[in-house]
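Working notes for the structure below.
The values are calculated or read from the model by the stated rules, or taken from the named source; none is laboratory data. Owing to the predicted nature of the structure, the values given are computational and were not obtained by experimental measurement. All Cβ positions, glycine included, derive from the backbone under ideal geometry; neighbour counts span all protein chains shown.
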Amino acid sequence: MNRNLSASTVERLIALASDEKPAAAPKTAGALPQETHGLEATMPLLAEPTPGIDDNPMLKALLQFRMLMPYMSRLMEPQGQAEPTLTALATELKQSVGDLQLAQRDLRLTVQEQLVQMKRVEEEMNRTREATERNAAESAELVEDMKSMRALVRRTAAILGTMTAVLTVLVIWLLVRSPHGH
């Protein structure tokens, strides 16, 4: 009778999750095999893909928690049964939850480490980009300086050439006009 009560409760939960009319509870105590407990009899049904699961988000959510359902069904059994079994199941459930929390903590630490590494890479990329921009600006300045220097050298050469030519003309004129040459 107690197993029928647990099975009936589980079937009602599944029926509520599937938004269909609840199935009738099994009439006989032999409806479930004697070696199964609560949801374990329905686990093969839940493990197989069924049509309509994609349409029902509540059933999807229940399927995600199917690992914990056998523990929950054992905990929902009446209190009149042996307490060591209940304590063992509670301990096993606590250990499973602890393992899940540890795995979640490890995953969170891994994600945080990757975020820190991504920030470092991003900062390095920013520094590299800034250095490249600085080098490009310095190169442009150097090119401008070289152009202005070339223009200055050309002007200076032109002025010196002109002055040399004027000086040569003046020297020749002085030599032609000087009294010593006649």
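Which ones in the range 118-168 are among the charged types (D, E, K, R) and over 57 Å from the mean Cα position of the chain (by Cα)? Selection gives Arg154, Arg155. Take the conditions (1) among the β-branched types (Val, Ile, Thr); (2) exposed (fewer than 10 other Cβ atoms within 10 Å of the Cβ); (3) modelled with pLDDT of 95 or more; Ile159 misses just one of them, which is (2).
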